[in-house]
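See structure below.
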Amino acid sequence: MVPKLFHQLRLHDHEKYSLQIEEFIKRQIQKGILKEDFPMPSGRELAIFLSVHRKTVMKAYERLTAQGYLYVVERVGFYVGSKSSGPGHFEKPSKAVSLSEDFPDISLSPVRDLAQSYRRYFWTGRKHDKHLIQSQGYPPFESTLHQFLVQERGISCTREEFYFSHGHYTLLFLIIYSLFPNGGTIVLEEPGDPRALEILRQAGMNCLFVKVDGKGMKTEHLEQLCSQRRVDAVLINSRCQYPTTTFLSHDRRKTLTSLSYIEGFYILECDYDHEFIYSREVPIPLRAEYPSGKLIYMTSLSKMMPSLYLMDILVAPKPVISKVRSILQNQRNVILEQSVNELVKTGVIRLYAEKLKRRYRKRRDELHGVLSAKEGMYYHLPESGLAFWLEFSRFLDLEKLMGSISTKGFFLQNPSVFYASGYPGNTLRLGFGKMNREHLKEFLELM
């Protein structure tokens, strides 16, 4: 039986029916009208009531389940999510809208495809314990990823120069441990990634900083630094600098690689926003353009969902790969590798990635329309990534700003964490992974 509250839902043709159903149910849960563990009408019942196809309702239910608003009891139905830790229950998402989120909406990712594939392979291999925990993982998956690197990133490497693991901060630590067991000096971009800085310091590295502008890392400053002291490595985001989203210009790419050859330092290249490249101006990875030399490339399989984002791909010289392999042996999830291998081989990953890029390019342009009408700040239209980097003509009272936005139900990451040598007082990073046009307008009013 369909609850009476669904009489309030009036579907229109300006937006997909499944999205309208999803938003309606989400609002009822947030208002407390639909209580924890309330049984939802079946997909067929609600479809008949709303005069839509059953698949339309199921799409909405599946997205709500992925976000934790609903949970499923096998062969019974869908229920409103609970904070309980019982089986099948999810903790409710925070009602605060994140203005810093630079990950795409997981409800738009292939959650269902991965779940179905994982369940099938798990059921097939449940009687073969040794198969599930074998240290070499699922061998065909390495071949699939190797082919993926060549076709999607244009990176040529041998099987001995390629490896993958789980978690890029773990991988970064292991690379540093393999290269510099007794410590060394590494140069980072500023502003930059605070978690990477923390990892490098824990690994015993002496960290130096070079400023970033609209063309990426200022390589002329790096040259000066190299003339004054020994540099062992440079950590850089060449295609989508974090947090500013700028990319390294062609001239500076050439300068950086030339310096690496002359001074002998390693280049550690991170490329984690590869699916969200909106312009042909953004160059290919450094490792694809300069395959020789001391260049180490780190990327993820996909940014669409955590299970895929944490699958890190590493391209590095053979000694580094050999060292990392020896440390990470016996840490392979065979079932997950089989499942993801299927999604890559059948083109599911590529299909969803293309859809996401179109959606987020449209969202970027919509937010650009709102920001461009605001005076007193400067920004460049991001040609990659899921965030805007704003520079204001006045200093920001961060304490007051953070307090104001939290009372309005927003969350914003403190921008001072991106600076190791002192926050300049006038910059912000706005991620549009979850933020929409209305959220941005309300935030700008608070400014």
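Rule-based calculations on the coordinates, nothing more; no lab input. Only a predicted model underlies this, so the values are computations on that prediction, with no experimental measurement involved. As a convention, Cβ positions derive from the backbone with ideal geometry for all residues, glycine included, and neighbour counts pool all protein chains shown.
What are the lysines whose alpha-carbon lies under 16 Å from the alpha-carbon of residue 254, with same-chain residues fewer than 8 places away excluded?
215, 218, 294
Hey, how many Å between the Cα centroid of the stretch 292-307 and the Cα centroid of the stretch 335-352?
17
Name the residue, out of 322, 238, 279, whose mean-square fluctuation peaks in a Gaussian network model built on the chain with Cα pairs under 10 Å.
Highest fluctuation among the options: 279.
For residue 218 and residue 123 in the same chain, what is the full-extension length gain: residue separation times 0.36 nm, less their Cα-Cα distance, in nm?
Separation in residues times 0.36 nm, less the Cα-Cα distance, equals 28.9 nm.
Anyone know which of 289, 62, 15 comes out most mobile in the 10 Å Cα GNM of the chain?
In this elastic network of the chain, the residue with the biggest mean-square fluctuation among 289, 62, 15 is 15.
Determine, from the Cβ-Cβ distance of residue 15 and residue 158 and an R0 of 60 Å, the FRET efficiency 1/(1 + (r/R0)^6), rounded to the nearest 0.05.
According to the calculation, E is roughly 0.75.
Mind giving me the nanometre distance, one decimal, between the label points for residue 250 and residue 230, set 7 Å out from Cα along Cα→Cβ?
3.7
Counting pairwise Cα distances across the stretch 4-93, what percent come out greater than 15 angstrom?
56
Test of the criteria: in the stretch 266-320, which trypsin sites (Lys or Arg not before Pro) are in a DSSP loop and have at most 15 other Cβ atoms within 10 angstrom of their Cβ?
Sparse-neighbourhood loop trypsin sites (Lys or Arg not before Pro): 280.
Hey, what number do you get for the chain at 222 nm if only DSSP H runs of n ≥ 4 count, each worth -39500 (n - 2.57), divided across all residues, to the nearest 500?
It lands at -12500 deg cm²/dmol.
Report the gain in length on full extension from residue 31 to residue 359: 0.36 nm times residue separation, minus Cα-Cα distance, nm rounded to one decimal.
Working it through step by step, the gained length comes to 115.3 nm.
Plugging the Kirkwood radius over Cα pairs into Stokes-Einstein for the chain, at a temperature of 37 °C and a viscosity of 0.692 mPa s, what D comes out in µm²/s?
For these conditions, the coefficient is 136 µm²/s.
Have a look at 412, 11, 225 and tell me which one the Gaussian network model of the chain (Cα, springs below 10 Å) gives the largest fluctuation.
It is 11.
Describe numerically, in nm with one decimal, the distance between label points set 7 Å from Cα along Cα→Cβ at residue 150 and at residue 74.
4.0
If R₀ is 35 angstrom, what is the calculated FRET efficiency for the pair residue 1 and residue 112, using the beta carbon separation as r and rounding to 0.05?
Taking R0 as 35 Å, the efficiency between residue 1 and residue 112 is 0.85.
Under the 0.36 nm per residue contour assumption, what length would be gained going from the current alpha-carbon distance of residue 381 and residue 402 to full extension?
Extending this stretch completely gives an extra 5.1 nm.
In whole angstrom, how far apart do the alpha carbon centroids of the stretch 380-416 and the stretch 1-54 sit?
So the two Cα centres are separated by 34 Å.
Report the residues of the stretch 15-39 in range of a label on residue 366: point 7 Å along Cα→C-beta, backbone N strictly under 20 Å from it.
15-28
Given a Förster distance of 45 Å, report the FRET efficiency between residue 55 and residue 185 from their Cβ-Cβ distance, rounded to the nearest 0.05.
Here the calculated transfer efficiency is 0.20.
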